[in-house]
Amino acid sequence: MAAPRSCALWSYCGRRWSRLMRCCELPGLRSSWPGGPLGARQLSQEKQATETHFGFETVSEEEKGGKVYHVFESVAKKYDVMNDMMSLGIHRIWKDLLLWKMRPFPGTQLLDVAGGTGDIAFRFLNYVQAQHKGKQKRQLRAQQNLSWEEIAKKYQNEEDPLGGSRVVVCDINKEMLKIGKQKAHARGYKAGLAWVLGDAEELPFDDDKFDVYTIAFGIRNVTHIDQALQEAHRVLKPGGRFLCLEFSQVNNPLISRLYDLYSFQVIPVLGEVIAGDWKSYQYLVESIRQFPPQEEFKEMIEDAGFEKVTYESLTSGIVAIHSGFKL
């Protein structure tokens, strides 16, 4: 459903005006314009009862939050199984690509927002642990004169297998976090992992705290995407990186038609058969169509203050990875 041209024009002009106002701020003076940090907090406090979309349905902003919460509360137990069924397992490759694009360094502090079931967090822990072990082996090989006993002691005295890296999973939904914690326990993940109940629009963290912020298949469900992006910018350290994996706009007409047919005719049926929930998966399909295309979302990330913003479309644009830096 394409938005009227007048709405698109107002949206475009609004983003440009927001950038201009930030450029005109006086040193040491925090802006009260909605595009600035203080303005974002004011909008957060006011929570104006304006209309927004919930899939193809028009609802109030307050109502959307509750509806989205109910969707993920309903699908939490079957969330991972449905991801495999809906994407034929390809979502695993997309998430692996996100980690390969991140390439976390030793000591990286990661915030994974809307990461309730832990998919990104577990990949991060596996990655940094493998990196740390590889570094340790290279150091031992360089010390040719060490005895077997000395090498064994070095391994035994290793206090932190992650090399100081940590990940915080933040999600607004208690059921999603509950499933994530259960998975972590079953797979033996303990060190370097924390679970926090929190809203992407009002993150419960200090400024300049994390090296990397990730959000995978979550930002399209946020009521105020611009506000979530501003929060991402706020909690990142200078030099920190924003990475978003999200469904996007298919760039091949033939694949687009097939994708629409599969999305609207098959996915809700799978949701009913596997999870006993047609409506939630109908919403998920509709929410993808309401999300901005790659270039428009890139501009929104830039409007939040990020620089060197790029994106990479995957699988003919079914999903895209957007990247930006806080400089």
For the range 193-327, compute the number of Lys pairs whose alpha carbons are separated by less than 22 Å, excluding pairs fewer than 8 positions apart on the same chain.
9
So, in nm, how far is label Phe264 from label Glu307 when the simple model puts each one 7 Å beyond its Cα toward the Cβ?
4.4
By how many nm would the segment from Arg257 to Lys190 grow when fully extended, if each residue of separation counts as 0.36 nm and the alpha-carbon distance is taken off?
19.7 nm
Tally up the carbon and sulfur contribution to the accessible surface of the range 198-309 as a whole percent, 1.4 Å probe, everything protein left in place.
53
Averaged over every viewing direction, what's the projected area of the C-alpha convex hull for the range 205-317? Give it in nm², one decimal, please.
8.0
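The values are calculated or read from the model by the stated rules, or taken from the named source; none is laboratory data. Note that the structure is predicted; figures quoted are calculated from it, not measured. Note that we place each Cβ from the backbone using ideal geometry, even for glycine, and neighbour counts take in every protein chain shown. Remember, those area values only see protein heavy atoms, side chains included, never the ligands or the DNA or RNA. Shrake-Rupley method; radii C 1.70, N 1.55, O 1.52, S 1.80 Å.
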